[in-house]
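These notes are about the structure you will find just below.
What follows is calculated from the coordinates using simple rules that are stated; it is not laboratory data. Everything numeric in this text was worked out from a predicted model, so none of it was measured. Virtual Cβ from ideal backbone geometry, glycine too; neighbours counted across all protein chains shown.
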């Protein structure tokens, strides 16, 4: 497969840097082609603005959606956006790797999505949720989280990790046609010991070796007729669930056996 | 009250710009003091990196949490961060205003949170979830969303708006002690007519005139003993709910009567 890793951490010597380097090595050893967009090293511009659309005149009011769509059609998107779009088109698997900051992506990664997933490319290009332009591509998150699994469990105080990642898995990936695989999550990452780093890398290697056969997250889809004319999930599909979990076909939640739950140690490592 | 508005839209002539200007006018007319951090006008730096911590040496590995905590203690945070922290300390009410992009905040606003809520200030400064440094302050979101209310309802395909905003209301505000008020949300904002803009501003004015008496979102808290030793919500409090909604004491969901659900019209306006 062609694999694109979007990497968002300011420190190469971090746990995230270690995991990213290992992921590249394991992927290449397994015969995959790997491209990495290291957003900090690229000094990635995070903020959507008029300069992203080369035909846009500052005196004209900026309608972000419409102007970005015209820019795509006119080949007037900023070159850094075009380069990322070409990487996406080449990729069979797109990995977002990041530390969970404030229960979401770091700004620099959000800015990659905001700027690269332009109208006509990331949305407004075919059907939403299961039928978009990127149908057939897979996605996967590699995430480090500072707290433990309990606090991210179904009734854990931080919210269930599934629900926190829903805006990415469902709202970004599935929306545009990308099928998300189960995420690879390292909990307690602020206090991870060297032994657990080694264990994490072993688990990551096993994950990568099974990439082709991994079960994805199954969401309901518009194209399959799972939603009514108001875009509401049909009653008979809800399975007594409500909230974000209702949109998943399987009720498995995270496959915690694949997740590393490190013991607390003394050093910040995320 | 002292009100701080963090505004994140690249176009002053947008619906968001109109709402922001009206909010400032209504707040001042009601006798409040208003400060605005207009992140695009400020050319706000979004990405957390070593330059945010003036004492940090590039040859040293960057541990973001620890380094930011030391920088706070040494008064070695970058001046733009310090200025925002001082605004927060002065504020009784903090408003985040933004268009919902990819079911979350625009990158520039996420970058404001990532950089300003440093360790020892936004977290690691007193108890989490109901007992942080900002206890007594209120927060409120003003959000425009491109789709309609149905698609953001309990079983709507985008996910319930309450759940999508949970990482902000609960994970950023409540985590650090800020009590979130009900959000002010404008749906169908890409296709809003002039008449509905006028109606939206009337609704906004009514909201601002009732700011002092508005019912907040009531979340369970660690300090009140609502969570067990693993940070999991105690069983008897769950009220047969699971998922993110379980952390709310009230089961009201959004107060939709306060929400403007504009009819589709012809122009993009968000």
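Between residue A:222 and residue B:66, what FRET efficiency follows from the Cβ-Cβ distance if R0 is 56 Å, with the result rounded to 0.05?
Working: r = 46 Å, r/R0 = 0.82.
Plugging the Cβ-Cβ distance into 1/(1 + (r/R0)^6) gives 0.75.
Assuming a viscosity of 1.306 mPa s and a temperature of 10 °C, what translational diffusion coefficient in µm² per second does Stokes-Einstein assign to the stretch A:80-225, Rh being the Kirkwood radius over Cα pairs?
This corresponds to a translational diffusion coefficient of 98 µm²/s.
Could you work out how far the C-alpha centroid of the stretch B:222-247 sits from that of the stretch A:163-194, in angstrom?
Taking the Cα centre of the stretch A:163-194 as reference, the centre of the stretch B:222-247 is 23 Å away.
Could you pull the copy-to-copy label distances for residue B:206, with points set 7 Å along Cα to Cβ, in nm to one decimal and sorted shortest first?
Copy-to-copy label distances at residue B:206, shortest first: 5.8 nm.
Antiparallel DSSP bridges in the stretch A:2-261: what percent, to the nearest 5? Display every interim value, and only then the final one.
Details: 6 of 32 bridges.
Taking every DSSP beta bridge within the stretch A:2-261, about 20 percent pair in antiparallel fashion.
Assuming a ≥ b ≥ c are the square roots of the Cα gyration tensor eigenvalues, decide whether the stretch A:154-211 counts as rounded (a/c under 1.5), prolate (otherwise, with a/b larger than b/c) or oblate.
oblate
Kindly provide the pair-distance distribution of the stretch B:27-106 built from C-alpha pairs, with 10 Å bins from 0 and whole-percent values in order of increasing distance.
14, 37, 33, 14, 2, 0
Counting only Cα atoms, I'd like the Rg/Rh figure for the stretch B:78-153, Kirkwood definition for Rh.
Numbers: Rg = 14.5 Å, Rh = 14.1 Å.
Expressed as Rg/Rh, it is 1.02.
In whole Å, largest first, what are the principal axis extents of the Cα atoms in the stretch A:92-134?
32, 20, 17
Note the full-extension length gain between residue B:13 and residue B:239 as 0.36 nm times their separation in residues minus their Cα-Cα distance, in nm to one decimal.
Between residue B:13 and residue B:239, full extension yields 76.8 nm more.
Evaluate peptide B:163-173: per residue, the Cβ atoms of other protein chains within 10 Å of its Cβ; return the mean as an integer.
Other-chain Cβ atoms within 10 Å of each residue's Cβ, averaged: 5.
Put a point 7 Å out from Cα along the line to Cβ at residue A:249; what are the distances to that point in the other copies, in nm, shortest first?
4.2
I'd like the distance separating the alpha-carbon centroids of the stretch A:41-72 and the stretch B:1-25, in whole Å.
Centre-to-centre distance over Cα atoms comes out at 21 Å.
Using the 2.2 N^0.38 Å rule of thumb for compact globular proteins, work out how the stretch B:24-70 stacks up: its C-alpha Rg over that value, please. Walk me through the intermediate numbers first.
On the way: Rg = 17.5 Å, N = 47, 2.2 N^0.38 = 9.5 Å.
Expressed relative to 2.2 N^0.38 Å, the Cα Rg reads 1.84.
Calculate how many DSSP beta bridges within the protein assembly as shown are antiparallel, expressed in % of all such bridges and rounded to the nearest 5. List each step's numbers first, then the result.
Values: 14 of 66 bridges.
In the protein assembly as shown, DSSP labels about 20 percent of beta bridges as antiparallel.
Restricting things to alpha carbons, tell me how big the protein assembly as shown is in terms of Rg and Dmax, in Å.
Every Cα atom of the protein assembly as shown included, Rg and Dmax give 22.0, 66 Å.
What's the ranking of A:208-214, B:216-222, A:188-194, A:98-104 by average number of surrounding C-beta atoms within 10 Å, highest first?
A:98-104, A:188-194, B:216-222, A:208-214
Run the label-point distances for residue B:50 please: 7 Å along Cα to Cβ, every other copy, nanometres, shortest first.
For residue B:50, the other copies' label points sit at 3.7 nm, shortest first.
Average partner chain C-beta neighbours within 10 Å, per residue of B:147-154?
Details: counts 2, 2, 1, 6, 5, 1, 4, 6.
Rounded to a whole number, the mean comes out at 3.
How well do other chains shield peptide A:229-237, expressed as the mean number of their Cβ atoms within 10 Å of each residue Cβ?
On the way: counts 1, 8, 10, 7, 5, 1, 1, 0, 1.
Shielding by partners across A:229-237 averages 4.
When the Kirkwood hydrodynamic radius is evaluated over all pairs of different C-alpha atoms of chain A, what value in angstrom, to one decimal, is obtained?
Hydrodynamic radius (Kirkwood, Cα pairs) of chain A is 19.6 Å.
At a 10 angstrom cut-off on C-beta neighbours, averaged per residue, how do the peptides A:5-13, A:230-238, A:32-40 rank from highest to lowest?
In decreasing order of mean packing, A:5-13, A:230-238, A:32-40 become A:5-13, A:32-40, A:230-238.
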